[in-house]
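Asker: I'd like to ask you about the structure that follows.
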Amino acid sequence: MAITAIKGMSDIYSPEVEVWQQIEEKARQLFARFGFRELRTPILEKTELFARSIGEDTDIVQKEMYTFPDRKGNMLTLRPEATASIVRAIIQHRLYNVPTMGKFFAIGPMFRYERPQKGRYRQFHQVDAEVVGSKEPVVDAEVMYWAMLFLEEIGIRDSELHINSLGCPECRSPFRERLVKYLREYEESFCKDCGRRIYTNPLRVFDCKVEKCKEIVKGAPKVLDSLCGECKKHFEKVLFFLDKTRCTYKLNHHLVRGLDYYNRTAFEIIASGLGAQNAVGGGGRYDGLFKELGGPDIPAVGFALGIERLLIVLKESSPQLKIGVPDLYMIALGEKAQEVCFSIAQGLRKKEIYVEMGYELKSLKSQMRRADKFGAVHVLIIGENELEKGIAILRNMVTKKQSEIALDEVENILVERIKKESE
Ligand code: ATP
Ligand code: MG
């Protein structure tokens, strides 16, 4: 039996891979406009990095991580998200000391052992952004604006920004008490996980996907009502700057995110067409994480977008992008002609022209059919006759018009023509 890929892990190939490339390219361009620098970290880290940052009682750490010992018995984990690794790297290389740095982005695969379904895979990819070193609410608004602008620029228009504040450790502990008091009244009705969470990590109950739990939390006390003065001021300022970007948003009192390191601002971006997995991305502020991971006390805010989910939304909302049509298709009839074609092709490619050629020495008819499949408009044909006359035939596949070009001028004429057309 042939070997297949691991369940929940996909091969990405054309024509879909071109959409991936465009999304990644767009992200890079937009990051550049906002002054983000790329930070690439290994996909394998020590398990304790994630256990300590994401939180022991989160779904990710409890059941979703790919964790295994290496040959020496050290426990390693395939990264389930990017923030922890980025924070580790910034601490390790003291990047917080570099005055021109502070905005970091990463694009790459993440791994979570989840039940594969639409929008949920075991290897998936994220576009990730982190802004380090400022506790100002203007930064929270700016990263949300980045995400919303990015969605707009790749063609996703009907997405919703949901936002909440989770407060700080000070306002969270009285809130926690109020919440636990409420949740305990329904103790019997919760799913098994939430029954435990009431005592270990009660805010997590808000993030539960089980219907009966979702019903109960509808009446739960709201974090926003318990914010301390500073957190309240911060949140108001975030909304103030967000209003200035003209992004629309919704306050969502149940939004807590699936990772424990967040404080104050938390947000999620919801898009239609995704079914149960309706978040294309999410993020928030994590002012305590640097210290938690052994670094200096540095505030930060960031987010991640899931590329697979962006693709699902794009597929359902807009037509497929047309991709990869060659500027020129070359047909050689006979071995001698192939030698000449080969040289011309490499010359044109060096001059930034996309050239395809028929590598098999087949009949004109069969090569023309292949050129058609590529969607090529310009086809250059060289056979024995043409070689003798020192010319090539240029055929326009749309108008069916043909013209002769002297072989020694082919390169210059084609470069000029093709570049002019693409202007
Ligand atoms: P969900 O509630 O859908 O499980 P999450 O809160 O676990 O999402 P985050 O950790 O916030 O997700 O990751 C940010 C984004 O990464 C998500 O909004 C989603 O687009 C994407 N993502 C997360 N897990 C997966 C997965 N298993 N497969 C595909 N994309 C994912
Ligand atoms: Mg999840």
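Asker: If you go through segment 11-40, how many residues are of a type in the set (Ser, Thr, Tyr) and in contact with a strand residue (DSSP E or B) (Cβ under 7 Å, 6 or more places away or on another chain)?
Answerer: So the count comes out to 0.
Asker: Spot the failing condition for residue 245; the list is (1) surrounded by 18 or more Cβ atoms within 10 Å (Cβ to Cβ); (2) modelled with pLDDT under 95; (3) more than 15 Å from residue 135 (Cα to Cα), and only one is missed.
Answerer: Condition not satisfied by residue 245: (1).
Asker: Still on this structure, I have one more. Looking only at segment 198-212, count how many residues are within 15 Å of ligand 1 (Cβ to nearest atom) and more than 30 Å from the chain's Cα centre (by Cα).
Answerer: 0
Asker: Can you spot a residue in segment 148-167 that is part of a helix (DSSP H, G or I), surrounded by fewer than 18 Cβ atoms within 10 Å (Cβ to Cβ) and in contact with a Phe, Trp or Tyr (Cβ under 6 Å, 6 or more places away or on another chain)?
Answerer: No, that holds for no residue.
Asker: Something else now. When segment 119-147 is examined, which residues are found to be in a loop (DSSP other than H, G, I, E, B), under 21 Å from residue 80 (Cα atoms) and out of contact with any strand residue (DSSP E or B) (no Cβ under 7 Å at 6 or more places or on another chain)?
Answerer: 119, 121, listed by residue number.
Asker: Of all the strands (runs of 3 or more DSSP E) wholly in segment 314-423, which have at least 1 residues that are among the small types (Gly, Ala, Ser) and over 43 Å from the mean Cα position of the chain (by Cα)?
Answerer: Of the strands (runs of 3 or more DSSP E) lying wholly inside segment 314-423, those with at least 1 residues that are among the small types (Gly, Ala, Ser) and over 43 Å from the mean Cα position of the chain (by Cα) span 391-396, 402-406.
Asker: Residue under question is residue 8, and the condition is that it be surrounded by 15 or more Cβ atoms within 10 Å (Cβ to Cβ) and outside the structural domain of residue 310 (by TED's automatic domain parsing); does it hold?
Answerer: Yes, satisfied.
Asker: For segment 86-118, give me each residue that is within 14 Å of ligand 1 (Cβ to nearest atom), in a loop (DSSP other than H, G, I, E, B) and crowded, with 20+ Cβ neighbours inside 10 Å.
Answerer: Within segment 86-118, 112 is the sole residue that qualifies.
Asker: Is it fair to say residue 215 is of a type outside the set (A, V, I, L, M, F, W, C), in a helix (DSSP H, G or I) and over 24 Å from the mean Cα position of the chain (by Cα)?
Answerer: Yes: the conditions hold for residue 215.
The values are calculated or read from the model by the stated rules, or taken from the named source; none is laboratory data. Quantities reported herein were computed from a predicted structural model and do not represent experimental measurements. Note: ideal-geometry Cβ built from the backbone for every residue, glycine included; neighbour counts use all protein chains shown.
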